[in-house]
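Notes follow the structure.
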Amino acid sequence: MPNSSRFAKWRRSEAFRGLALASPPFLYALTMLAAPLAAVVLFSFWTQDYLTLDRTPTWNNYKTAWTEAIYQALMLRSLKVSALVTAATVILSFPIAYYVSFRVSPRRKTLWIFLITIPFWTSYLMRIFLWKVILGYNGVVNGSLMGLGLIEEPLTFILYNQNAVILTLSHAWAPFAILPIFVALERIDRSLLEASEDLGDGPVRRFFRVTLPLAMPGVLAAAVIVFIPTIGDYVTPRLVGGPNGLLIANMIELQFKKANNAPLGAALAISAMLIVTIISIIFLWLNRRYIRSRA
Amino acid sequence: MIRINCVSKRFGDIRALDEVSAEIHESEFFSLLGPSGCGKTTLLRMIAGFDEPSEGEIFIDGKSMDGVPPNRRPTNMVFQSYAIFPHLNVAENVAYGLHARKGTRVEIRRQVAETLDMVGLAGFEDRQPHALSGGQKQRVALARALILKPKVLLLDEPLSALDRQLREQMQTELRHLQRAVGITFVFVTHDQEEALTMSDRIAVIFEGKVAQLDSPLELYRRPVTKRVGEFIGVMNFLGARLLAEESGGYEVEVEGLGRVKVPKRQAPGGVSGSRLTAGIRPEMLTLEFDDAEIPGRRANGKVVDTQYLGDMTYYEIALEGIGKPLTLSMRNTADRPILEPGTAAKVRWGPDSVLLLN
C-alpha cells in the first residue's frame, strides 16, 4: 500500500501535471522528428551497394560529400543563394515593416499585418507557377516590355536561373521577415526618436543611430527565419531554377531517389544541417548581444 | 528669450491650447503648472519643435521658430521617460549630441567627464543604462542635454517618477544647477509645491489657457481667481457682498466675519458685480491663546477637528454664522497647547487676511 499512496500523492503534484501535459507533444516530436533524424544519421555512416545496405560504419560518405567538386559547388551555391535570398528578403521587408509601424495609424496596424499574410491563403506551388507566368519567355514582364517597345526580344535572365529562385523565395518568405522586424520596431520607445532629433540628428542620421540599432534583434531574427528553411528548399529551384539554379537540396533528393544512394544523401543532408546550425548559432549569438544591451 | 505669441493648438476638435501668450526671460527658471491634460506639455513640445502651433508663433532669441525642426532649435529637452538610448552606455548617451559638432575624441571625453561630474555622476561613463536607477537616468538625461549648452533647457515632468526624498533632493540640485549654468529652464509640472520651490516665475494653465503668470510669492499671496487659489495651497472660501468701493479699498460684508474694508491690492483679479468670494489662507487666521493686546478682529468658534503635523497643526474651526468650518494652521511652539476637538476657540484676523475674488 505505501507504494500506491506515494503514487497517488505524486499524481497530484505539479510535476506530474506538467509531465502529463508535455508528454503527448513530446512523444509526437520524438517519433516524428528525432527518430527519423536518428535514422538519417545512421544511414550516413552506412554504404549502399546496389540493392543491399552494408551496415559497417564508415566516414566515406562524408569524405565524398566534403571533397568532391560537384557537392562542394552545390553547397556553396546553396549558401550563396540562401544568403542572397535572406539579404533581399530582409532589405525588402524592412521598409514595409517600418511603414506599418511608423506611418499606419494604430487602429489600422492589425489590418495591415493581416493583409500582409494574404499570400499564404494560396498554395505555395500556385504562387511559384504564378511567378513562372510573370517571368516566363512569353510572360507578363516580357510581354509588357516588348509591347512598350523597350526590348526587342524576351529577356531570358529572369526565369530558369538563380535570379528566379532568389526572387520567388524572397517573395515567399517576406511575411516571415516583416513580422519580427515589425515587432522590434513597435517596441522602440518613440521618445527615443524624439530625443535623437532633439539632440541634433536629422531623419537619416536618426535612422542609422537609433532606429536601426534598436531594430537589429528583429532584423537578425528575420534573417535566421528566412535563412534556415531556404537552404533546404528544393521545390523552388526545381520549378524556376533551370539547370544552373539547382541547389544542394535537389542533390539530396536525387541521391535518395533516382541515384539510389541514401547513405550519401544522408551525409549531404547532415552536412548541410551542420553548416546551417553553425551559421544560426552565430546569428543567435549576435542577437543575444543586441538583446542584452537593451534589457 | 522665448516669446509665445497667441499660440493655439488643436488636435482634431480638441483645443489643447487656446491663444496662449507669454514671455520667458533669459536665465529664468520658468514653470508651466497645471493639472494633467491642461496643455502644458503640448506647449513645451511646441517650444521644442515636436508639435507645430495651429495658430500663433513662437520666437526664441528673437527668431521665429515657425517650421524649424527640433534638431535646428537652440533648445534641448529632458523627457519624462528620460529617453536614455538603451543600446549606448552612459558616456555615449551623454556625447550623443556632440556627434554633429567638431571635436577630437579627447576633447569629447573631457567634456563628457566634466558634464557627468556636474550632475553628480563622475566615473559612470561605462555603465549600461539598464544598470542605472531612476535618479541616475534622470541625471544622464540632464547631462546629455546640458553638454550641448542650449539656450533653453526644457524639462517635461522630470521628477514625477522619483520617490519623494529623491525628488526633493533633485529639486534643490536642479535649482542650483540652473543658477550655475545660467541657462533658461522651462519646467513642466503638475505639482504646485515643486513649482513654488523651484521657479522664478510660474504660468498656471487651466484647460489650455494661462490663468495667471506670476512669481511664486504673488501666485500664492494673490491668486487672481478662485481656481488658482484652490490649486496652489489651501484656501478657505466665504461668500462676500460688496457694499461700497472707495479710493483705499472695498467695503465688504463677509459671511460670518462681518463688515471689513479690504485694501485694493487684496483684489488682484479686480472686482465686478456685488457678489464676491472672500479667500483666506489658513495661516492668515490666528488662534488666540491669550488675550494679548494685538490689534485685529476676533471671531468666536469651536474646534471641530485637529490635525497634528509636527511643526504645524491644522484646525478645522466652525465659526458662528458659517456653515462649513474654516481651515486654520498654527506653527507649534513650546508654550502653545494643541487644542482638542470640541474646545471653544477665538480666531483673530484682519483686513489683510482677506482676498477678494470674483
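Numbers below:
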quantity	calculated
From phi via Karplus (6.51, -1.76, 1.60), per-residue ³J(HN,Hα) for the range B:310-316 in Hz, x at Gly/Pro	x, 7, 10, 10, 9, 10, 9
Within-15-Å neighbourhood charge of B:GLU57 [Cβ basis; K, R +1; D, E -1]	-3
Helix B:134-146 vs. chain B, principal-axis angle (Cα, 0 to 90°, nearest 10)	70 degrees
Cα long-axis angle, helix B:164-181 against chain B (0 to 90 degrees, to the nearest 10)	70 degrees
Peptide A:187-195 - average C-beta neighbours from other chains (10 Å radius)	6
Extension reserve of the B:GLU207-B:ARG15 stretch, reckoned as 0.36 nm per residue once the Cα distance is removed	68.3 nm
Highest-first arrangement of A:140-149, B:46-55, where packing means the average Cβ count within 10 Å	B:46-55, A:140-149
Net +/- balance of residues flanking B:THR42 in space, Cβ distance below 9 Å, scoring K and R +1, D and E -1	+2
At R0 = 35 Å, FRET efficiency that the Cβ-Cβ distance of A:LEU27 and A:ASP49 yields, to 0.05	0.50
Residue pairs, from the table B:LYS40/B:LYS226; A:LYS80/A:LYS257; B:LYS63/B:LYS209; B:LYS226/B:LYS302; B:LYS9/B:LYS149; B:LYS9/B:LYS63, whose Cα atoms sit over 22 Å apart	A:LYS80/A:LYS257; B:LYS63/B:LYS209; B:LYS226/B:LYS302; B:LYS9/B:LYS149
On Cα atoms only, tilt of B:105-118 relative to the major axis of chain B in degrees	20 degrees
Lys, Arg +1 and Asp, Glu -1 on Cβ, resulting dipole of the protein assembly as shown about Cα centre, debye, nearest 20	2200 debye
Whole-angstrom gap from the range A:17-55 to the range A:232-295, using each part's C-alpha centre	19 Å
Accessible area expressed per residue, the range B:2-226, with surrounding protein chains retained (probe 1.4 Å, Å²)	43 Å²
Under 5 Å, built H, 5+ apart or other chain: amide partners of B:GLY56	B:SER8
Sum of side-chain charges, A:ALA269 neighbourhood, beta-carbon under 15 Å (Lys, Arg +1; Asp, Glu -1)	-1
Within chain A, longest stretch free of exposed GluC sites (Glu not before Pro) [DSSP loop, at most 15 other beta carbons within 10 Å]	A:153-295
Sites A:VAL140 and A:GLU186, calculated FRET efficiency, Cβ-Cβ separation with R0 30 Å, nearest 0.05	0.25
In the range B:274-331, the trypsin sites (Lys or Arg not before Pro) that fall in loop regions by DSSP, at most 14 other Cβ within 10 Å	none
Length added when fully stretched, B:ARG275-B:ARG175, from 0.36 nm per residue minus Cα-Cα	31.8 nm
Listed residue (B:ILE24, B:ASN93, B:ALA278) projecting farthest to the positive dipole end of chain B, Cβ model	B:ASN93
Residues with amide H under 5 Å from that of B:VAL78, placed H, sequence gap 5 or more	B:LEU154, B:LEU155, B:ASP156
Listed residues A:LEU145, B:ALA113, A:GLY232: farthest to the positive end of the dipole of the protein assembly as shown (Cβ charges)	A:GLY232
Largest-first principal axis extents of the Cα set of chain B (Å)	75, 48, 34
Average beta carbon contacts from partner chains per residue of B:124-137, 10 Å cutoff	1
Alpha carbon centroid spacing (whole Å) that separates the range B:17-32 from the range B:76-119	28 Å
Order by protection proxy (mean Cβ within 10 Å, highest first), peptides B:127-139, B:72-84	B:72-84, B:127-139
Accessible surface of the range A:1-94, 1.4 Å probe, proportion on carbon and sulfur as whole %	72 percent
R0 of 41 Å, Cβ-Cβ distance B:ASP117-B:SER81: FRET efficiency to nearest 0.05	0.95
Contact surface B-A: accessible area buried, both sides summed, square angstrom, 1.4 angstrom probe	2000 Å²
HN-Hα J in Hz across the range A:52-66 - Karplus 6.51, -1.76, 1.60, θ = phi - 60°, x for Gly and Pro	9, 10, 8, 8, 6, x, 8, 8, 4, 4, 5, 4, 4, 4, 8
Label-to-label distance, nm, for residues given as A:LYS9 and B:LEU217 (7 Å Cα→Cβ offset)	7.9 nm
Among B:LEU238, B:SER64, B:THR327 - extreme Cα towards positive end, dipole of the protein assembly as shown, charges at beta-carbon	B:SER64
Accessible surface of the range B:2-226 [probe 1.4 Å, protein heavy atoms]: carbon and sulfur percent	46 percent
Sorted largest first, extent of chain A alpha carbons per principal axis (Å)	71, 64, 34
³J(HN,Hα), Karplus 6.51/-1.76/1.60, whole Hz, each residue of the range B:50-60, x for Gly, Pro	6, 10, 9, x, 6, 9, x, 8, 10, 10, 10
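The values are calculated or read from the model by the stated rules, or taken from the named source; none is laboratory data. As the structure is a prediction and not an experimental result, all values here were calculated from the model. Glycine gets a Cβ as well: all are built from the backbone with ideal geometry, and neighbour counts include every protein chain shown. Areas reflect the complete protein model, heavy atoms only, side chains present, ligands, DNA and RNA absent. Shrake-Rupley method; radii C 1.70, N 1.55, O 1.52, S 1.80 Å.
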